[in-house]
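Single-structure report; data block below.
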Amino acid sequence: MVDIKMGDCWSNTKDQFDNLEKHTQWGIEFVERYNKFVKDRTEIEISYAKQLRNLSKKYQPKKNSREEEEQRYTSCQAFLAILNEMNDYAGQHEVIAENMSGLIFAELSRYIQELKQERKSHFQEGRRAQQHIESCWKQLENSKRRFERDCKEAERAQQHFEKMDNDLNVTKADVEKARQQAHTRHQMASDSKNEYSSVLQNFNKEQHEHYFTNIPNIFQKIQDLDERRIVKIGESMKTFSEVDRQVIPIIGKCLDGITKAAESIDEKHDTQLVIEAFKSGFEQPGDVEFEDFSQPMKRTVSESSLSNSRSDGKQESKGGKSKGKLWPFIKKNKLSLKLGSGPEDFSNLPPEQRRKKLQQKIDEINKEIQKESDQKDGLIKMKDVYIKNPQLGRPETVDPRLAEIEQTIEKLRQESQKFEAWLAEVEGRLPVRTDQPKRSSEMHELQSTTVNNCAQDRESPDGSYTEEQNQDPELKVAAQCEFDDEFDDEEILAAIGTCKAMYPFEGQNEGTIAMAEGETLSVIEEDKGDGWTRVRRNEDEEGYVPTSYVEVYLDRNTKGAMTYI
């Protein structure tokens, strides 16, 4: 019964060690699994932060592009602020990844290695204790079997002695020999008994110490190890939460910045910028006067009416000054504009736009002058250093570059003065200079620019604006007189077809002619691609009308059977 119970106890202990070994191995694998989860979360945060930064960078306004100019508007400024806040937002996710990697993943990785090493030592200690008690048990078993064997041998020797002693035929010497043999066996049995008793006492002591001291201590160490593992997991999970919680205030500030940027949008400011950017500076047209056609008396004609335009055209025609004579310069100027070389003084633009362009050009030239002046100052200092320290260089080597910069600065100053003069004329700060006669080429450019400006700014069916109203009248009169004198002998062109007006056109600009809706006129020069057709009325009045306002019929014998609208 003792043997059976003892065997069951050992088996139970061994089974417990196996179960504990499996459980602690599972615990370590669980920590590794959780640590892998933290690592994957870290990689996600890094990837998310990278994607946010790339997104912010993708939508940042490009330098020297229209997007950079759009930053004047508060809505665009708000969007830029949101992009910057998103960049900071991405930085907080990088902080999350960094803290998780350092405070959780790296710490758990180190702890897992320590856990494995400690677990291994505890189970090695348990195996040694198990092996020791098993060794003691085997020693006890051997001692017991030897005692049992010696006892049986002593009993057989005693029986043999007694048999020999009772046998009368056996000699006394044989009896004595049997007696000695029995005594020896009894002595061996006694020694085995004493040895067995000693081994048994030692085994009981070892067994008590094994089951009540050694094994409980080892189990306690394993329990402590597993409890520390569980506590470590809990602390890591708490840190997992705290890492996120630490960046929440900063993320909240980012979101507050986004909200503040959205609230900073000012629709009035943005629309005012649009008005300032695109306003033309033209004066609004005056009221059209009522023309009473029911009275037979001669009516007072409105200055803006078609009949007044016609009568003015007739009077000018009778006086030998036709408005149409200015148009050869307009065609040349329009051709140059189509080739991408607009007038240098931006006279083809509306007044306000022209003023802005001239001011912008002046600012650019002044920046260039400042840049060249800085280079000049640097060269002068370098020359002074060379003069004081000839071993560093020769002073005369700087002179060619200084002369070149002086020439560049002088050219830039002349350019600046030229644009400032144009700007002064646009703003009405200086009168038009008429004290010196202009060269033919300068007058040619000025007149073509002026007329082209008028032609391009004319009202059309698509709603574009009318002619510039604030041009200097003295300039217009001077240009008209000079160019009319030059082209008095212009050859009269033959008609190449007819046209019918689909819309009324006032024709108040130089070189144009007024027409009423449904009126038929003679075509003397077709549209060359600039949107204007040259027409004549009654052989004494001619000028240009918008091609989109008329339906043109060209004669077959001149241009073939062509009809276009």
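The values are calculated or read from the model by the stated rules, or taken from the named source; none is laboratory data. Model, not experiment: these values are computed from the prediction. In this analysis, Cβ positions are derived from the backbone assuming ideal geometry, glycine residues included, and neighbour counts consider all displayed protein chains. Note: accessible area is taken over every heavy atom of the protein model, side chains too, but ligands, DNA and RNA are not part of it. Shrake-Rupley method; radii C 1.70, N 1.55, O 1.52, S 1.80 Å.
Brief remarks on what is shown
- From the list Lys62, Lys57, the one residue that fits, being basic (Lys, Arg), under 30 Å from Glu267 (Cα atoms) and either outside any helix (DSSP H, G or I) or open to solvent by less than 60 Å² (accessible area, probe 1.4 Å) (or both), is Lys62.
- Condition broken by Glu141, with the remaining ones in (1) open to solvent by 70 Å² or more (accessible area, probe 1.4 Å); (2) free of Cβ contacts under 8 Å to residues at least 24 places away in the same chain satisfied: (1)
- Residue pairs whose Cβ atoms lie under 8 Å apart, sitting 6 or more positions apart in sequence or on different chains, and linking a residue in the stretch 7-23 that is exposed (fewer than 14 other Cβ atoms within 10 Å of the Cβ) and assigned to a helix (DSSP H, G or I) to a partner that is modelled with pLDDT of 65 or more and charged (D, E, K, R), are His23/Asp226.
- Total residues in the stretch 355-382, condition of a type outside the set (S, T, N, Q) and open to solvent by 40 Å² or more (accessible area, probe 1.4 Å): 15
- Here the stretch 73-132 is the region considered, the condition is being without any contact (Cβ under 8 Å) to a residue 40 or more places away in the chain and small (Gly, Ala, Ser), and the residue that is surrounded by the most Cβ atoms within 10 Å (Cβ to Cβ) is Ala106.
- Taking the stretch 411-421 as the range and being touching a helix residue (DSSP H, G or I) at 6+ places or on another chain (Cβ under 7 Å) and open to solvent by less than 50 Å² (accessible area, probe 1.4 Å) as the test, the residues that pass are Leu412, Ser416, Phe419.
Quick grid of which residues meet (1) farther than 30 Å from Met86 by Cβ; (2) modelled with pLDDT of 50 or more; (3) not in a helix (DSSP H, G or I):
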{"site": "Ile258", "(1), (2), (3)": "no, yes, no"}
{"site": "Asp270", "(1), (2), (3)": "no, yes, no"}
{"site": "Ala277", "(1), (2), (3)": "no, yes, no"}
{"site": "Asp287", "(1), (2), (3)": "yes, yes, yes"}
{"site": "Phe290", "(1), (2), (3)": "yes, yes, yes"}
{"site": "Phe293", "(1), (2), (3)": "yes, yes, yes"}
{"site": "Asp312", "(1), (2), (3)": "yes, no, no"}
{"site": "Ser317", "(1), (2), (3)": "yes, no, no"}
{"site": "Lys321", "(1), (2), (3)": "yes, no, yes"}
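- Qualifying residue in the stretch 229-239 (condition: among the small types (Gly, Ala, Ser), touching a helix residue (DSSP H, G or I) at 6+ places or on another chain (Cβ under 6 Å) and either assigned to a helix (DSSP H, G or I) or exposed (fewer than 13 other Cβ atoms within 10 Å of the Cβ) (or both)): yes
- Subset tally (residues that are open to solvent by 70 Å² or more (accessible area, probe 1.4 Å), among the polar types (S, T, N, Q) and touching a helix residue (DSSP H, G or I) at 6+ places or on another chain (Cβ under 8 Å)) for the stretch 167-186: 1
- Selection status of Ser121, within 30 Å of His23 (Cα to Cα) and under 60 Å from the mean Cα position of the chain (by Cα): yes
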